[in-house]
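All remarks here apply to the structure that follows.
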Amino acid sequence: MKTYTLIGIVLIVIGIFAFAYQGISFTTREKVVDIGPIHMSAEKTRTLPLPPIVGGISLVGGIVLLVAGKKKA
């Protein structure tokens, strides 16, 4: 595979993922209390939002690279 084609496919997949999920959620553990032998922790869910414009730009960029890769071949 040509590099333009491979990068184009990766960008298209990232664009579809960004449109489908609109963000990435993950869970972190934080210490709440740490006094001697007493330990308490809390789990917090955080979300990293992905705006739709990121998906659109990635999708269009991937399509442009696919077309450019086919013209060079």
Fill in: Acute angle (nearest 10 degrees) that the helix 52-72 long axis makes with the longest principal axis of the chain, alpha-carbon atoms
30
Discussion item. Helix 3-21 against the longest principal axis of the chain: what's the angle in degrees, Cα atoms only, rounded to the nearest 10?
Written reply: 50
Worksheet item: Which number comes out as Rg/Rh for the chain once both Rg and the Kirkwood Rh are worked out on C-alpha atoms?
Response: 1.38
Practice prompt. Keeping the other protein chains in place, figure out the carbon and sulfur percent of the accessible area of the chain, with a 1.4 Å probe.
Written response: 70
Worksheet item: In square angstrom, what is the accessible area per residue of the chain with a 1.4 angstrom probe?
Response: 79
Fill in: Given charges at beta-carbon only (K, R positive; D, E negative), |dipole| of the chain in Debye
480
Item to complete: Before rounding to the nearest 500, sum -39500 (n - 2.57) across all DSSP H runs of length at least 4 in the chain and divide by the residue total; then give [θ] at 222 nm in deg cm²/dmol.
Response: -19000 deg cm²/dmol
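The values are calculated or read from the model by the stated rules, or taken from the named source; none is laboratory data. Here the structure is a predicted model, which is why all the values come from computation and not from measurement. Glycine also receives a Cβ, built like all others from the backbone with ideal geometry; neighbour counts cover every protein chain displayed. Protein only, heavy atoms only, side chains kept; ligands, DNA and RNA dropped before computing areas. Shrake-Rupley method; radii C 1.70, N 1.55, O 1.52, S 1.80 Å.
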